[in-house]
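Beneath this line is the structure, given in structure tokens, with notes to follow.
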Amino acid sequence: MHSDDDSSSFHMEIPKYEKIALDIAYSIYHGDFKEGEKVKGRSTLSGKYNVSPETIRRAIKLLSDMDVVEVVDKIGISIKSKDKAHGFIQEYQAKSQLMNLSESIGDLFRKKQVMEQRIVEQLNSLVEHSVQLRNIGIIYPLELRIDGKSHIIGQTIGSTKFWYHTGATIIGIRRNDHLFLSPGPDMIFQENDNILYVGNVENISDKVNEFVNTPI
């Protein structure tokens, strides 16, 4: 099959019949087949590519739909347009680029999920160690209740830019009798929530209290 710089972007696995259609299109574009030239029937191409006649039929159907070739009864396959062959090649290049981009985005999402999981694990570890060390005064999470007039009620953690305004990292939300460890940015603050946080900023508790319990 043809190897060309134009096809270097094709990294994805495509069906055999599509690869054959692409190879025939390259043959036409490079002048191996001339416009108006007649190519013997599917059985000849089947032998050349070592595939079944049905695979060749599907490949030729793709090219025929794009007006690259024309199937002529009792004669064979007629080469119709070099320009259309080039268009067929370009369409597959665009398809390959989209697939590669989709795969790249998928990889980034997977990496993002792994990173988020690592953050959750580290925060959970921080909470566990903080609780263990609380009694000896080395490090411990601070806690603040949200009063009923707080401007952050009804907002998400992310939308309040909590860390940006306070320098504190939220490691948990205590709501009634339930403790939400490592809450995500979409968790909504409610009245009487207790925020568990850590931070090494000077006067951190004052800064958090001032930010959280500023009236609406």
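General remarks:
- Test: Phe10 is under 33 Å from the mean Cα position of the chain (by Cα), of a type in the set (Phe, Trp, Tyr) and modelled with pLDDT under 90: yes
- Out of Ile138, Ile152, sole residue that is of a type in the set (A, V, I, L, M) and modelled with pLDDT of 95 or more: Ile152
- Residues that are touching a residue at least 24 places away in the same chain (Cβ under 8 Å) and either in contact with a His (Cβ under 9 Å, 6 or more places away or on another chain) or polar (S, T, N, Q) (or both) within the stretch 45-67 comprise just one, Thr55.
- Of all the numbered requirements in (1) surrounded by 11 or more Cβ atoms within 10 Å (Cβ to Cβ); (2) not assigned by TED's automatic domain parsing to the domain that holds Asp32, Ala59 misses one, and that requirement is (2).
- Close pairs from the stretch 203-214: first farther than 13 Å from Trp163 by Cα, partner among the acidic types (Asp, Glu), Cβ under 7 Å, at least 6 apart: Asn213/Asp147
- Test set (1) more than 30 Å from Tyr197 (Cα to Cα); (2) in contact (Cβ under 8 Å) with a residue 24 or more places away in the chain - Leu126 fails condition number: (1)
Quick grid of which residues meet (1) surrounded by fewer than 12 Cβ atoms within 10 Å (Cβ to Cβ); (2) touching a strand residue (DSSP E or B) at 6+ places or on another chain (Cβ under 7 Å):
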{"position": "Lys149", "(1), (2)": "yes, yes"}
{"position": "Ile153", "(1), (2)": "no, no"}
{"position": "Ser159", "(1), (2)": "no, no"}
{"position": "Trp163", "(1), (2)": "no, yes"}
{"position": "Ile173", "(1), (2)": "no, yes"}
{"position": "Met187", "(1), (2)": "no, yes"}
{"position": "Asn192", "(1), (2)": "no, yes"}
{"position": "Lys207", "(1), (2)": "no, no"}
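The values are calculated or read from the model by the stated rules, or taken from the named source; none is laboratory data. For clarity, every value in this text was computed on a predicted model and none was experimentally measured. Note: ideal-geometry Cβ built from the backbone for every residue, glycine included; neighbour counts use all protein chains shown.
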